[in-house]
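Heads up: the structure comes next, in C-alpha cells.
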Amino acid sequence: MLIAGRPTAPKMSLRRLAARLVAVAATASGWSSITRRRRHRRGDYRLYILEYHDISDHEKEGPLAEGTFPEGTLPEGTVSAVRFRRHLKHLKQRLHFAPLTAAHQQLQTGNLDHDLAVVTFDDGYAGNYEAAWPVLRDAGIPATIFLTTGFLDGAELWFDVARRTLAALHQAAPTVDTNQQQVLRTALGAWPTTSSIDSLVRRLKYLPPGRRKDAMATLSQLDLELAEPARPLSWQQVNEMLAAGIEFGAHTVTHPILSTLEPAAQENEIAQSRQRIAETTGTLPTSFAFPNGSAQDYNHHTVEILERLGFAAACSTRRGSNAPGCQPLTLKRLGIGSDPLSLLDARLAGLFDQEIRARFQPGTK
Ligand SMILES: [Zn+2]
C-alpha cells in the first residue's frame, strides 16, 4: 500500500498559539511585572531552573534562526543560538544566575534576597558545546548539563530515531505491507501520517518496552531516508567545559521512563550513568534529571534511590519555580524552548505553572 505523503513544515499548535496570545496580553497589561514586584515586596524570592535541550548555530537560516525548526529535522526542542542569546540577555536583567549546586544550597538555607536562575540542558547534545557554550561564556553565565551516558558512548537516543523515522514517513510514500500496517496501527494508536510526530513519539514513550521495541523494529524495516541523527557531546568536550566551570549531572544510560522500570533496573540506570561520568571526568555528579521528567515519569522508588546514592538535587519537568524549603530531589523547571520574550516573562510570572494549569485542566500533573 502506498501512503500519501505530506510536506513537513514549521507549524504552531492551537494550544501553543493560545499560550502566546495569553502571554502577550499578560506582558502588555503589565501583569507579569506587577506579579513579580508584589512577590518581592512580600520577601518571596524563587529559584527558576530553565530547561533546554539542543542549541543550534544555524544562524543563516533566516526565520529559522528566530525559532522553530521544521519537524523532525533537528532534535525535539532545539533552540537557535540567536534565540538562546536573546533569552539570556533578557533574563540577566531580572535574575541572578548561579550553578545548580550553589543555587539549591542557597535555596535550602532559606536566605534568598533575590530571584535565582539556573540554566540546564538535558541529554548531552553536541550543540551544547558548539552553540550554547560560546553564548554562556560571553554572558558569564554558568550551566548544568545532564548527560545520557549511553548517547555519549555511541548509542542513538531511541526517541530521536523514532522522530526522524516518523518525519520521513510523513514526507515519503513507502510501501507498507499488511503486517507492518497492523503493528504500526496497534503501537501508535493511529495511522502514522494522520497524527503529529510529537503525539506519536509521546505514545511510543509510554508503551511497555517490548511493544515499543516491536514498533521501532517495524519502523526500521521501512525503506526510508532519515535525517541526520542527533549528535552527542564527546567526553573531551565534557572535560573541557567542566574545567571551565560547567557542571554535569546524570540523566541515566539509555533514557528510559523510570516509572516503567522495577526499582533495581532504575538504580542501575541512575548509578551506572553517574559512575560513567565520574570515571571519565574524575568528578562525581551530585545532580540528576529525570528522563522525560513529568510527575508520571518517576516514582517514590526513584526518589529513594537518589537519596540513598547521595544525590543532592534532582530536576523534574514539572512546571514552576522553587521556593525555599522545597524538596531538592523533585525540583521544578521551566521548559523554555524557542519562546519569544513575552512568553518567557509569563512563564517566570507563573502563568503556566503546574498548579495554575491543573486549575483549568483537571487531570494535569
Ligand atoms: Zn532527556
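The values are calculated or read from the model by the stated rules, or taken from the named source; none is laboratory data. These numbers were taken from a predicted model, which means no experiment stands behind them. Heads up, the Cβs are rebuilt from the backbone with ideal geometry, glycines too, and the neighbour counts pull from every protein chain shown.
Figures for the structure shown
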quantity	calculated
Selection within the stretch 105-160 - within 23 Å of Gly337 (Cβ to Cβ), part of a helix (DSSP H, G or I) and more than 16 Å from the ligand (Cβ to nearest atom)	Tyr129, Glu130, Ala131, Trp133, Pro134, Val135, Leu136, Arg137, Asp138, Ala139
Residues of the stretch 269-303 satisfying the condition of being of a type in the set (D, E, K, R) and touching a residue at least 12 places away in the same chain (Cβ under 8 Å)	Glu269, Arg274, Arg276, Asp297
Residue match in the stretch 243-266 (condition: within 22 Å of Phe97 (Cβ to Cβ) and without any contact (Cβ under 8 Å) to a residue 24 or more places away in the chain)	yes
Count of residues meeting criterion [away from the ligand (no atom under 11 Å from the Cβ) and within 28 Å of Leu334 (Cα to Cα)] in the stretch 282-295	8
Lone qualifier among Pro70, Pro99, Pro75, Pro63 - being crowded, with 19+ Cβ neighbours inside 10 Å and either at pLDDT 85 or above or assigned by TED's automatic domain parsing to the domain that holds Leu116 (or both)	Pro75
Filtered residues of the stretch 179-199 (kept if touching a residue at least 60 places away in the same chain (Cβ under 8 Å) and not in a loop (DSSP other than H, G, I, E, B))	Gln181, Ile197, Asp198
The stretch 218-245: number of residues that are within 16 Å of the ligand (Cβ to nearest atom), closer than 11 Å to Thr149 by Cα and part of a loop (DSSP other than H, G, I, E, B)	1
Qualifying residue in the stretch 176-183 (condition: more than 16 Å from the ligand (Cβ to nearest atom) and within 16 Å of Leu50 (Cβ to Cβ))	no
Filtered residue count, the stretch 296-318, keeping only those that are more than 16 Å from the ligand (Cβ to nearest atom) and not aliphatic (A, V, I, L, M)	8
Tally, over the stretch 78-137, of residues that are touching a residue at least 40 places away in the same chain (Cβ under 8 Å) and under 25 Å from Thr148 (Cβ atoms)	36
